[in-house]
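The values are calculated or read from the model by the stated rules, or taken from the named source; none is laboratory data. Computed from a predicted model, the values in this text were never measured in an experiment. Heads up, the Cβs are rebuilt from the backbone with ideal geometry, glycines too, and the neighbour counts pull from every protein chain shown. Note: areas computed on protein heavy atoms with side chains; ligands, DNA, RNA excluded. Shrake-Rupley method; radii C 1.70, N 1.55, O 1.52, S 1.80 Å.
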Amino acid sequence: MVTVGGICAPLFVPASRPERYSRAAGSGADAVILDLEDAVALADKDAARSLVNPHFTHLPVLVRVNPVNTQWFEADLSAVRGHGFAGVILPKAEDAGTVAQIAAELGATPLIALVETARGLAGARAVAACGVARLAFGSVDFCADIGCAHEAEALLSARCELVLASRLAGIAPPLDGVTLHIDRPEEAGADARYARKLGMSGKLCIHPRQTGPVREAFLPTPEETEWARRVLASGDGAVAVDGVMVDEPVRRRARAILAAASC
């Protein structure tokens, strides 16, 4: 089974819609996120919680709980802890102390911290180092919080900070935020390729049509794979391959590309 750190195209499905669970699992996603937060109406929160289960698929099943400061959080956490879920996604992750306490309460269940506010971004390095398995970018909420456009240029520094925070903490690279246009799967793929260039290794999906293009985007291209093979066949020391200098840092990248291609 794919671990939380290896997930690249998880698909959100409203926890209140169990008839969609199997469709989500068959969409090409490599994990399913049962969403108790934004996708569920206030009046349906308790009923949705009673429906979540990890046994409808062989894929990893995660649950996005409601934020810490809501009336539903404690019950959400109790419904997930120790019940076989692959992980928990914590929205509005901001305070490292609070996040560390939740990670400890979950025990063996991995915690993904969703960074989606200015405070969350400011504390991302501390949060990444406090026992979480991974960071994820709540880009839409982040834009609403700071008043910027949901565009690549406006979000570049935030994405780079999450990549850096993850690397400093020694955890898996972060998951990128969603692409809002559900009728343009090619746009989700392009956004995923951009995120990969920045050092991210996955992207949150909100529609089944997005999962295929996103998964493909995080795989090395045939050109990259062929380049990596030529680099590793070039021997050691400093040499030239295709007119470009190759040394050990370049070979490390080549090894990582071939490892990703074999997954």
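Remarks
- The distance separating the Cα centre of the stretch 20-63 from that of the stretch 213-263 comes to 37 Å.
- Report summary: the helix-based calculation at 222 nm, which adds -39500 (n - 2.57) for every DSSP H run with n ≥ 4 and divides by the residues of the chain, gives -12500 deg cm²/dmol.
- The tail of the calculated P(r) for the stretch 79-202, taken as Cα-Cα distances beyond 24 Å, holds 26 percent of the pairs.
- Backbone HN-Hα couplings from phi across the stretch 125-132 [Karplus 6.51/-1.76/1.60, Hz, Gly and Pro as x]: 5, 5, 5, 4, 9, 9, x, 7
- Kirkwood hydrodynamic radius of the chain, from the reciprocal of the average inverse Cα-Cα distance over all distinct pairs: 19.1 Å.
- Other-chain or far-sequence residues with amide H under 5 Å of ILE33's (modelled H): LEU11, PHE12, VAL13, LEU62
- Accessible surface of the chain [probe 1.4 Å, protein heavy atoms]: carbon and sulfur percent: 55
- Rounded to the nearest Hz, the phi-derived 3J(HN,Hα) couplings of the stretch 16-25 under the Karplus curve 6.51 cos²θ - 1.76 cosθ + 1.60 (θ = phi - 60°) are 7, 10, x, 5, 9, 4, 5, 4, 4, 5, where x marks glycine and proline.
- Converting phi to 3J(HN,Hα) with the Karplus coefficients 6.51, -1.76 and 1.60 and the offset θ = phi - 60°, the stretch 166-172 yields 5, 5, 4, 7, x, 10, 4 Hz in sequence order, with x at every glycine or proline.
- Between THR221 and GLU19, the FRET efficiency estimated from the beta carbon spacing at R0 = 30 angstrom works out to 0.20.
- DSSP beta bridge pairing in the chain, given as percent antiparallel to the nearest 5: 10
- Point-charge dipole on Cβ atoms (K/R +1, D/E -1) for the stretch 1-116, about Cα centre, debye to 20: 340
- Value of Rg to Rh for the stretch 20-68, rounded to two decimals, is 0.97; Kirkwood radius and Rg both from alpha-carbon coordinates.
- Segment ILE146..ARG229, full-extension length gain: 25.5 nm, with 0.36 nm per residue of separation and the alpha-carbon distance subtracted.
- Relative contact order of the stretch 150-263, taken over Cα pairs closer than 8 Å and 6 or more residues apart, is 19 percent.
- Annotation: amide H of HIS150 has no partner in the under-5 Å range at sequence separation 5 or more or interchain, hydrogens built in the peptide plane.
- Panel values: the stretch 202-257, Kirkwood radius from alpha carbon pairs, Stokes-Einstein at 37 °C and 0.692 mPa s, translational diffusion coefficient 254 µm²/s.
- Charged-residue dipole, Cβ positions (Lys, Arg, Asp, Glu), the chain about Cα centre, Debye nearest 20: 560
- The stretch 169-227 pair-distance distribution - Cα-Cα, 5 Å bins, rounded %: 4, 22, 28, 22, 14, 8, 3, 0
- Candidates ALA169, CYS148, ALA136 compared by Cα position along the dipole of the stretch 116-193: farthest toward the positive end lies ALA169, with charges placed on Cβ.
- Eligible lysines near LYS45 by straight Cα distance, threshold 17 Å, same-chain separation 8 or greater: none
- On Cα atoms only, tilt of 185-198 relative to the major axis of the chain in degrees: 60
- Here the simple spin-label model places points 7 Å from the Cα toward Cβ, and for ASP44 and ALA261 these points are separated by 4.5 nm.
- Three semi-axes of the equivalent ellipsoid, the stretch 150-203, Cα gyration tensor, whole Å, largest first: 21, 11, 8
- Relative contact order of the stretch 6-48: 47 percent, from C-alpha pairs under 8 Å at least 6 residues apart in sequence.
- Whole-number percent relative contact order across the chain, with pairs defined as alpha carbons under 8 Å at least 6 apart: 16
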